[in-house]
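This report concerns only the one structure given below.
The values are calculated or read from the model by the stated rules, or taken from the named source; none is laboratory data. Here the structure is a predicted model, which means the values were calculated and not measured. With ideal geometry, Cβ positions are generated from the backbone for all residues, glycine too; neighbour counts draw on all protein chains shown. Ligands, DNA and RNA are stripped out before the accessible areas are found, and what is left, the full protein with its side chains, is counted by its heavy atoms. Shrake-Rupley method; radii C 1.70, N 1.55, O 1.52, S 1.80 Å.
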Amino acid sequence: MLHSNDILGSRGVRIPTVAQIRTYLQAEGWESQPPGPAGTIWVRDGVMIGVPGVNDPAISGGIVERIAKQERRSPRDVALSIRYHLMDVTYLRAANDYAITDTIPFEAASTVIASARKLLRAVGTTAWNERGEIGGNYARQGDAVLQRARMDHTQEGSFIIPILVPLSYTKDVPGEARREADLELFQAAPEPFERRVTRTLAQSLMAVKEIIVEPEASPSVGDLHAVVARGVSREFCAALAKILTEPSVSEFETIFEWASSVPAPETMPNSISIESDASEKIEEAAEKLKRHRIDSTSTFSGNIVELRHVGDDPFGFATISTVRRGRRSEIRVRLPYETYQEAVIWHRARRVVIVDGEVKHGVGRRLVVENPVACRPIDEILLPVS
């Protein structure tokens with residue numbers, strides 16, 4: 001007789017642990033009853049599921065199947081959702097349809113893994129402080145994310161390895177909208193820094209592809225400003241080029257699956273691929289970033305945590321959660337009402353914004369940008385948005 005864990009295991013999916021199942025059930029609205037000697041009963045909409053007090057893969061596989069039946073999804077998809085509920089997952093794929101079937105040369109694999117580590121370490125620093133060249137001054141906050149990152153088992157299909165970035169656990173704080181008399185107010189929770197790191201990896205790869213690789217001309221200094229503002233650094237370009245110059249790699253693809261515990265921006269790319277013949281342009285960009293000092297101090301990015309508008313005021317305010325001068329900050333940006341209305345739409349879609357403007361101290365020492373040069377979604381020039 002084929003057990004549930006055999007079915008899941010045959011499809012390359014590991015059975016979630018009891019702790020992961022409990023966390024998932026709680027997040028999905030199941031209520032736990034008082035624990036008994038063998039475990040705990042969880043209840044939702046009249047349905048009961050028993051969760052043991054200790055790990056037992058056979059029982060856990062059965063629990064996954066019961067949850068899958070309730071959610072009308074496959075056990076495989078539910079198992080992945082439970083295991084990665086608190087993790088952002090980046091699948092790295094090095095492909096060469098002619099040279100790779102189910103294996104990859106060991107030297108090429110070593111290069112991909114070592115260079116992927118450099119990519120993640122670079123964006124861990126630029127997520128904290130954008131800069132064109134890191135020069136060994138890596139941010140300890142980014143290195144802490146790197147130290148917590150895990151590599152899961154490889155998957156079939158060319159050469160695919162999942163990189164797991166655990167998110168700091170916070171209780172889900174849904175966005176709130178409130179209207180009182182003349183006040184319109186929208187609020188949301190700040191983005192966890194670990195999510196900011198993985199998001200910076202995604203937007204950096206997309207920026208390299210669309211601003212450096214795809215145009216026929218070589219990247220200008222203005223292009224370098226645009227990619228640095230999105231998290232690209234010399235070290236990032238050098239690591240990416242190293243992967244693409246491997247003889248066994250014809251294409252490098254990254255696939256992102258965002259933790260369901262912290263919903264991702266709707267327009268953030270889920271898959272980005274760059275072909276190996278782009279390596280020369282990326283190396284050229286790395287050299288230019290070494291020669292030119294790119295100043296990004298007038299720009300900052302982050303998610304909108306508050307929108308406020310009063311009465312007939314021709315201006316509204318968007319508060320951006322970001323990192324500035326080595327610390328987490330919230331900066332209030334004054335927007336013309338038309339732009340404020342657009343910002344409400346960006347907020348609902350959870351789109352991260354990038355702001356260009358002088359930051360000053362306002363009333364109560366609050367950081368403000370009174371007259372922004374620009375305020376727009378960070379993915380706007382990277383993705384066609386309908």
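Report the rotationally averaged projected area of the stretch 215-283 based on its alpha-carbon convex hull, in square nanometres.
Its average projected convex-hull area is 5.9 nm².
Please name which of I294, I354, H309 has its Cα lying farthest along the dipole of the stretch 246-386 towards the positive end, using unit charges on Cβ (Lys, Arg +1; Asp, Glu -1) and the Cα centre as origin.
The residue sitting most towards the positive pole is H309.
Charges at C-beta only: +1 for Lys and Arg, -1 for Asp and Glu. How large is the resulting dipole of the stretch 275-386 about its Cα centre, in Debye rounded to 20?
760 debye
About its Cα centre, what dipole magnitude does the chain give when the only charges are +1 on Lys and Arg Cβ and -1 on Asp and Glu Cβ, stated in debye to the nearest 20?
My answer is approximately 1380 debye.
Could you sort the peptides 263-272, 280-289 by per-residue average Cβ neighbour count (10 Å cutoff), highest mean leading? Mind showing how you got there, number by number?
On the way: 263-272: 16.5, 280-289: 19.5.
Ranked by mean Cβ neighbours within 10 Å, highest first: 280-289, 263-272.
Using a 10 angstrom cutoff on alpha carbons, build the Gaussian network for the chain and name the most mobile of W258, W346, W128.
Looking only at W258, W346, W128, the biggest GNM fluctuation is shown by W346.
Considering only DSSP beta bridges with both partners in the chain, what is the antiparallel share in %, to the nearest 5?
95 percent
Could you rank the peptides 57-67, 40-50 by their average count of other C-beta atoms within 10 Å per residue, with the highest value first?
Top of the packing list down: 57-67, 40-50.
If I ignore ligands, DNA and RNA and count only protein heavy atoms, how much of R291 is accessible to a 1.4 Å probe, in Å² to the nearest 10?
150 Å²
How much mean residue ellipticity at 222 nm does the chain get from its helices, if each DSSP H run of length 4 or more adds -39500 (n - 2.57) and you divide by all residues, to the nearest 500 deg cm²/dmol? Intermediate results must be reported in sequence, preceding the final value.
Working: 11 runs with 130 residues, N = 386.
Result for the chain: -10500 deg cm²/dmol, rounded to the nearest 500.
Please name whichever of V262, S115, I41 sits farthest to the positive end of the charge dipole of the chain, dipole taken about the Cα centre and charges placed at Cβ: Lys and Arg +1, Asp and Glu -1.
Going by the charge dipole, the pick is I41.
With charges only on Cβ, +1 for K and R and -1 for D and E, what is the dipole size of the stretch 191-293 about its Cα centre, in debye, rounded to 20?
600 debye
How big is the accessible area of E107 in square angstrom, nearest 10, if you roll a 1.4 angstrom probe over the protein chains?
Its accessible surface works out to 130 Å², give or take rounding.
Mean 1/r over all different Cα pairs, inverted: what Kirkwood radius does the chain give, in Å?
About 22.7 Å, per the Kirkwood formula over Cα pairs.
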